[in-house]
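Below is one structure, written out as structure tokens; comments come after it.
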Amino acid sequence: MSTKDWLEKDFYKVLGVSKTAEQDEIKKSYRKLARKYHPDSNAGDASAEAKFKEVSEAYDVVGDPKKRKEYDEARRLFGSGGFRMPGSGGTTGGQGGFGFDVGDLFNRSGSTSGGGLGDILGGMFGGGGRTTTTTSTARPRRGADIETEATIEFAEAVNGVTVALRMTSDEPCKTCRGTGAKYGTVPKVCLKCEGTGMQTSVQGGVFAMTEPCTECKGRGLVVDQPCETCHGSGRGQSSKTMQVRIPAGVQDNQRIRLKGKGAAGERGGPAGDLYVSVHVKPHRIFGRQGEHLTLAVPVSFTEAALGAEIKVPTLDGLPVTVRIPAGTANGSKLRVRGKGSVRRDGTKGDLLLTIEVQVPHELTDEQREKLQEFNTASAQPDLRAGLFGSS
């Protein structure tokens, strides 16, 4: 992305959010638009593919808090065409009494210790407030980060799984290998900016303004004969399928970072990162509680009262035998060790059982008679006597 894009493109408008939107709102809007315009859902639709790229480009900036801060600062300072100081009146000694070294403002005094507006420009344009006196070597540029989603089964989240993800991303043009020049030719260092991609101009005889070079559009290189595939941009789109390992124990909506698996960098720069948002389908009977699995187990009234040995299922398919103690109350918790989710160290959590005592809805005459005999024989005290005690 050229530095000109930082000044001219309204990334908030592209994503359909306000400039004051929270990061969660920006992410939600990006995911909605990415799904809508994804090439897999719009095969052969060039306009949808272009829109998908535009949305991804916008999210790469405002979806990153650091880049967003730099982008907002650049738009504030330079979005209207130049740097302005309220009350300066175009002089350093006019109304407002500004008495500062303009060179210090842009970090041009020769110091490399940072500070001032030069740090802001350095973060945005990759050069610490460059001027036309800087080195003529175009710097490498890191590739963009890519964000995608994957939906997996409950058991796959517990045990881990490798999934195939098809992604479309920006990469160096395969025809010219990212140079932007026609095959057999090479790009030249821009003479106007000496390969920095930036140019410095003085406005009103006072303020020095650093902006993208108008000759090379911020690339630092110019081509006499543009590549016929990328038309001189040096960039192209790649659609590829990648095998991604989802680790065991991943939670629903967890975001996984795969370093160096994003878009390729420019001029030898490192690749960006791939971020995968994982969605886990719910299981029919099992639930999760951190590293443990949960299961509701129905037992009969007599099993709870007299005690019993019962079999319960596990996620790996092999049932285990569990002892129900005599007199077990409804809602009691039992633990089966080592039958839960996989931890980071390779060990497993537990299976937590919740006992649900089932009361019969209908009784035969014989059952009713037996229960009445039991009730008479038990001679239990009034269980609700304590509800009517004095306050």
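Couple of notes before you dig in:
- Members of the stretch 234-264 that are out of contact with any Asp or Glu (no Cβ under 8 Å at 6 or more places or on another chain), surrounded by fewer than 17 Cβ atoms within 10 Å (Cβ to Cβ) and small (Gly, Ala, Ser): SER239
- When residues of the stretch 265-276 are limited to those that are open to solvent by less than 40 Å² (accessible area, probe 1.4 Å) and over 29 Å from LYS348 (Cβ atoms), the one modelled with the lowest pLDDT: GLU266
- Of the strands (runs of 3 or more DSSP E) that lie entirely inside the stretch 277-391, those containing 2 or more residues that are basic (Lys, Arg), open to solvent by 80 Å² or more (accessible area, probe 1.4 Å) and in contact with a Leu (Cβ under 8 Å, 6 or more places away or on another chain) span 333-336.
- Of all residues making up the stretch 37-68, the number that are out of contact with any helix residue (DSSP H, G or I) (no Cβ under 8 Å at 6 or more places or on another chain), part of a helix (DSSP H, G or I) and not hydrophobic (A, V, I, L, M, F, W, C): 3
- Residue in the stretch 164-201 that is surrounded by the most Cβ atoms within 10 Å (Cβ to Cβ), counting only those that are without any contact (Cβ under 8 Å) to a residue 60 or more places away in the chain and among the hydrophobic types (A, V, I, L, M, F, W, C): CYS176
- Enumeration of residues in the stretch 10-36 that are of a type outside the set (Ser, Thr, Tyr), in contact with a helix residue (DSSP H, G or I) (Cβ under 7 Å, 6 or more places away or on another chain), assigned to a loop (DSSP other than H, G, I, E, B) and exposed (fewer than 13 other Cβ atoms within 10 Å of the Cβ): LYS19
- Residue within the stretch 149-172 that is out of contact with any helix residue (DSSP H, G or I) (no Cβ under 7 Å at 6 or more places or on another chain), at pLDDT below 80 and among the polar types (S, T, N, Q) present: yes
The values are calculated or read from the model by the stated rules, or taken from the named source; none is laboratory data. Just so it is clear, the structure is predicted and the values come from calculations on it, not from any experiment. Note that each Cβ is placed from the backbone with ideal geometry, even for glycine, and that neighbours are counted across all protein chains shown. These accessible areas exclude ligands, DNA and RNA; they are computed on the full protein's heavy atoms, side chains included. Shrake-Rupley method; radii C 1.70, N 1.55, O 1.52, S 1.80 Å.
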